[in-house]
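For reference, the structure discussed in these notes is given below.
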Amino acid sequence: MVTTAAPARVVRVDGSHLHALTEFYREVWDRAATVSGVQQSRAAAAERNIADPGAAIPTYLFMPGERALGHLTTIPLRLWLDQSDRAAHWLKGLMVLPEARNGPVGFLLLKSAIAELNPTLALVVEPEAIRLYTALGFTDVGVMPNYVL
């Protein structure tokens, strides 16, 4: 019998991904992260979600199997755009584990978020990130001053 590995995929985080999300946070940002702590933080963030009140903050994981190799989350906000107040998402927290860098992980995470969330915006400074975002249709507006009106 031939077994095949689960295909790599980008998922939008829901309750079934809390263990993978927590493990990613432990590995990258907070060794003390717990599933219950991540769950509580996500619930509190959903309460403050001004783009979609009560909904979980859009967060994406790249998962080949049960382990997350990449992460992207958002800051929900509201923009005045096309003469109306609209929900929008600021993309942030793009992180790919070192062993999965220089491949398609970041591209696939961004592509999934952009396809689902519109409009999106981001602030990036690293040349590699600028190339990645501009390849997906973002406009590089150059250096921003310390104040924005």
Q) If you go through the stretch 19-53, how many residues are within 19 Å of residue 112 (Cβ to Cβ) and out of contact with any strand residue (DSSP E or B) (no Cβ under 7 Å at 6 or more places or on another chain)? A) 1
Q.
Quick test for you: out of 9, 26, 48, pick the one residue that is basic (Lys, Arg), open to solvent by 50 Å² or more (accessible area, probe 1.4 Å) and touching a residue at least 40 places away in the same chain (Cβ under 8 Å).
A. 9
Q) Could we say that residue 32 is over 15 Å from the mean Cα position of the chain (by Cα), in a loop (DSSP other than H, G, I, E, B) and buried (at least 17 other Cβ atoms within 10 Å of the Cβ) here? A) no
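The values are calculated or read from the model by the stated rules, or taken from the named source; none is laboratory data. What you see is a predicted model; the values in this text were computed from it and never measured. FYI the Cβ positions are ideal-geometry reconstructions off the backbone, even for glycines, and counts take in every protein chain you see. Note: areas computed on protein heavy atoms with side chains; ligands, DNA, RNA excluded. Shrake-Rupley method; radii C 1.70, N 1.55, O 1.52, S 1.80 Å.
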